[in-house]
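Every read-out reported here was derived from the displayed coordinates using simple, explicitly stated rules and does not represent laboratory data. Computed from a predicted model, the values in this text were never measured in an experiment. Here the Cβ positions follow ideal geometry from the backbone for every residue, glycine too, while neighbour counts run over all protein chains shown.
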Protein chains: 2
Amino acid sequence: MYILLMNARDRLIESAQELLWERGYVGTSPRAIQERAGAGQGSMYHHFSGKPDLALAAVRRSAEALCALAEAELAGPGGAVQRISAYLRRERDVLRGCRIGRLTQDPDIVADPALRQPLRETFDRLRRRLAEVIAEGQARGEIAADLAAADLAATILAALQGGYVLARAAGTAEPFDRAVDGALALLRRAAPSSS
Amino acid sequence: MYILLMNARDRLIESAQELLWERGYVGTSPRAIQERAGAGQGSMYHHFSGKPDLALAAVRRSAEALCALAEAELAGPGGAVQRISAYLRRERDVLRGCRIGRLTQDPDIVADPALRQPLRETFDRLRRRLAEVIAEGQARGEIAADLAAADLAATILAALQGGYVLARAAGTAEPFDRAVDGALALLRRAAPSSS
DNA sequence: GTCTATACGCTGATAGAC
DNA sequence: GTCTATCAGCGTATAGAC
């Protein structure tokens, strides 16, 4: 177990990341984090001022990981539609949902500007990056140029996030896959040759 | 205040609906529900066996309300794309999010089949209804017939749910509006005349 | 740095009076 | 039906020893 080799501070952050993903902010207690990390009260309150402080460190780390994963696909080979397809169809545990997206439902996260900032930045970055890829596809004649790249980027990211929501409600990945397939089908239809 | 005229049972359900929307299941305590409803412990435990039982009643009621609202737009006048547009652009308090969608992030809801069932049924119904409207649009030559209606329905519903997620992260409705606009632009592009 | 002790309010419920 | 106890356990710390 890798986690056992880390120092207490990192173990606490990683445990907080896991629990925030599984149970959200409201559903995650300092005690539960400590137990998972194998650390005591004193250790946690030595490294962090409290639950919000530890959560902030955890959220920031998760946000970075998420952006890195996205970039791996979006900077890959192929045309715009192909890279977006690779991003959307990347292998995932759909029913776990998005570790950042799920936090938008946490009232205590959204209410705290410091805690919400990483969420905003993450989705802003992803939208901008997707818009870049789309604009590239438009410049190369892959996608109709009269469609607003920023809008399409938002639609694609929203379809992804909403796909998780539908999948968790259904208890299966099926709606997620449909949502992704539908989005890609529409995107392919938006080729200039089709107009 | 209408709520003061209702009996305790209905006040409890309505208060639970509000709190579940605002704070989710994990973030909502029986005590908070009682306070908002102006009812005591005894009253709540007389009408409901406990928190899950009351939550179930509240979720069912919210689910019905949601489906009714959707149906009002989807059964309205105009063509398929126009009705879907009316549905997506219906006036909403975007930052509040979806009262059903937000519950998919609640571990205790998803883990309990009885509590999850209304979520599954709601989104299944909405997807089927949207697919019907789309199929109608395809039969009338409004939308290309070679696109899978079930996939497009999932995409549209996911864009809606994901739009809420992005908006809550951003702290403004802007990403929601973009996601909706992008989805509608793509849908209009998918007309047979464009292929 | 990490541990144990201590604290106080809240959670989710039960029991019994009225 | 509704109210008021009462309860064991958890949530979120603080204090101080080591």
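Points worth noting:
- Computed from the Cβ-Cβ distance with R0 of 51 Å, the FRET efficiency linking A:D146 to A:N7 stands at 0.40.
- Relative contact order (%) - chain A, alpha-carbon pairs under 8 angstrom, separation at least six: 20
- Gaussian network model of chain A, Cα within-10 Å springs - most flexible of A:S62, A:S85, A:S49: A:S49
- Per-residue mean of foreign Cβ neighbours for B:102-110 is 6 (Cβ atoms of other chains, 10 Å radius).
- Charge dipole of the protein assembly as shown about the Cα centre (unit charges at C-beta), most positive-ward option of A:S62, A:N7, A:G40: A:G40
- For A:S49, the point set 7 Å out from Cα toward Cβ sits 4.6 nm from its twins in the other copies, listed from shortest up.
- For chain B, the dipole from Cβ point charges (+1 on Lys and Arg, -1 on Asp and Glu) about the Cα centre works out to 140 debye, to the nearest 20.
- Normalised convex hull volume, the protein assembly as shown, alpha-carbon set, Å³ per residue: 143
- Viscosity 0.890 mPa s, 25 °C: Kirkwood-radius Stokes-Einstein D of the stretch A:63-136 over Cα pairs, µm²/s: 184
- Comparing A:A144, A:T155, A:P113 along the charge dipole axis of the stretch A:23-176, the residue lying farthest to the positive side is A:P113, per the Cβ-charge model.
- Prolate/oblate/rounded call for the stretch B:104-191, Cα gyration tensor, a/c under 1.5 rounded: oblate
- Residues B:H46 and A:R128, FRET efficiency given R0 of 56 Å [Cβ-Cβ distance, rounded to 0.05]: 0.55
- Its DSSP H runs of at least 4 residues, each contributing -39,500 (n - 2.57), put the calculated 222 nm mean residue ellipticity of the protein assembly as shown at -22500 deg cm²/dmol, to the nearest 500.
- Net charge dipole, the stretch B:123-195: roughly 120 debye, given to the nearest 20, about the Cα centre with Cβ charges of +1 for Lys and Arg and -1 for Asp and Glu.
- Assigned charges on the beta-carbon of Lys, Arg, Asp, Glu; the protein assembly as shown dipole about Cα centre (debye): 240
- Reduced Cα scattering model of the stretch B:1-129, Debye log10 I(q)/I(0), q = 0.19 Å⁻¹: -1.06
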